[in-house]
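Enquirer: Structure in structure tokens, see below.
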Amino acid sequence: MYKRQAKGLLWSFFGVLILSPDTLLIRLLNLSDFSLIFYRSFLPAITIFLFIFWMYKKETLKVFLLIGLPGIIYAMFYAITHVCFVYSIQNTSVANTLVIIAGAPIFAALFSIIFLKEKPSPFTWVIIFVALVSMFVIGWGSYSSSGIFGDLMALIVAVFMGASGVLVRYFKGIDLVPACFVGCILAGLYAVPFDIEFNLSSMQIIYLTLMCFIMLPIPFIIMTIAPKYTPAYQVYLVFLLESVLGTAWVWVVINEVPSINTIIGGLILLTSVLIYMIIETRK
């Protein structure tokens, strides 16, 4: 059991390392929100489909059909979180979005208790609490009470992220990676009616290639597989590191210096999650 759990945690850590430059590339791309949804949905779908075809070859169509109702629900959850994340960023501060989405491990833990009868250890609850405190430290001073709609969208993201991981764990016998592909398509279709920027520079094409064919699809696949091995709340605890590592990338590459609150909160989060991983993987 514990070896499987360690495998899930290590896969999650590998995924967050690949995902971490995503924030930097979003800044460098300088595209509209719906252009980002469009490209960040349809292009990663290509890589995900190629991965599925590589895994199943002639059985590819069959594995899509086998996802059934759980796969359809998972695809809808993914599309909802993707779209609501953009709405949150548009309608509230980044700090609000960051702090609220940090609640994803709590929702995952609650759903795990209700549907999977998995009870997080007291140590896990402590780490979740420390992670929340660190995110509030990061957002302190820039947190805004305005933008209630954006805050609600961030809350929806946190809820559906937690639910997605528990869904994967509940239906361990079904490969839901094809559902991840379907979710990408659904989110991309949502953006189609809006103005999409197609006149891209050569550097934007390079950034999109890195983001959409490597940095997004690989973590998407990992987030769909990892909860099979370890509880969903543990997966999302590890993925909280993306906010810290992403900030570091932006600091180093484009010299966007983080506030002292961000540095302190980031160090608390990084230290607590790494300690948690070390202890859990040694069991």
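The values are calculated or read from the model by the stated rules, or taken from the named source; none is laboratory data. No experiment lies behind these values; they were computed from the predicted model shown. Heads up, the Cβs are rebuilt from the backbone with ideal geometry, glycines too, and the neighbour counts pull from every protein chain shown.
Enquirer: Checking Gly165 against (1) modelled with pLDDT of 95 or more; (2) under 13 Å from the mean Cα position of the chain (by Cα), which single condition isn't satisfied?
Expert: The one condition Gly165 does not meet is (1).
Enquirer: Could I ask something else about it? Mind checking which residues of region 1-17 are assigned to a helix (DSSP H, G or I) and either out of contact with any helix residue (DSSP H, G or I) (no Cβ under 6 Å at 6 or more places or on another chain) or without any contact (Cβ under 8 Å) to a residue 40 or more places away in the chain (or both)?
Expert: To start, the set of residues in region 1-17 that are assigned to a helix (DSSP H, G or I) comprises 2-17.
Residues satisfying the conditions are Tyr2, Lys3, Arg4, Gln5, Lys7, Leu10, Phe14, Leu17.
Enquirer: Restricting to region 50-70, and then to whatever is touching an Asp or Glu at 6+ places or on another chain (Cβ under 9 Å) and either in a helix (DSSP H, G or I) or β-branched (Val, Ile, Thr) (or both), can you tell me which residue is nearest to Pro217 (Cα to Cα)?
Expert: In the first step, residues of region 50-70 are kept if they are touching an Asp or Glu at 6+ places or on another chain (Cβ under 9 Å); the result is 52, 55-56, 63, 66-67.
So of that shortlist, the ones also either in a helix (DSSP H, G or I) or β-branched (Val, Ile, Thr) (or both) come out as 52, 55-56, 63, 67.
Numbers: Ile52: 12, Met55: 15, Tyr56: 17, Val63: 18, Ile67: 19 Å.
That would be Ile52.
Enquirer: Within the set of pairs 6+ apart or on separate chains, which have a first residue in region 104-127 that is acidic (Asp, Glu), a second that is buried (at least 16 other Cβ atoms within 10 Å of the Cβ), and C-beta atoms under 7 Å apart?
Expert: These pairs meet every condition: Glu118/Ser112; Glu118/Pro231.
Enquirer: Turning to a different aspect of this structure: Looking at region 86-96, which of its residues are surrounded by fewer than 23 Cβ atoms within 10 Å (Cβ to Cβ) and part of a helix (DSSP H, G or I)? Working first, answer last.
Expert: Here is the first cut: in region 86-96, the residues surrounded by fewer than 23 Cβ atoms within 10 Å (Cβ to Cβ) are 86-87, 89-91, 93-95.
Once the filter is applied, which keeps residues that are surrounded by fewer than 23 Cβ atoms within 10 Å (Cβ to Cβ) and part of a helix (DSSP H, G or I), region 86-96 yields Val86, Tyr87, Ile89, Gln90, Asn91, Val94, Ala95.
Enquirer: Now for a separate question. Please specify each residue of region 18-49 satisfying the condition of being in a helix (DSSP H, G or I) and either farther than 21 Å from Tyr78 by Cβ or of a type in the set (Val, Ile, Thr) (or both). Quick ask: steps written out before the conclusion?
Expert: Looking only at region 18-49, we keep the residues that are in a helix (DSSP H, G or I), and these are 18-19, 22-29, 33-49.
Across region 18-49, the qualifying residues are Ile18, Thr23, Leu24, Ile26, Arg27, Leu28, Leu29, Ile37, Ile46, Thr47, Ile48.
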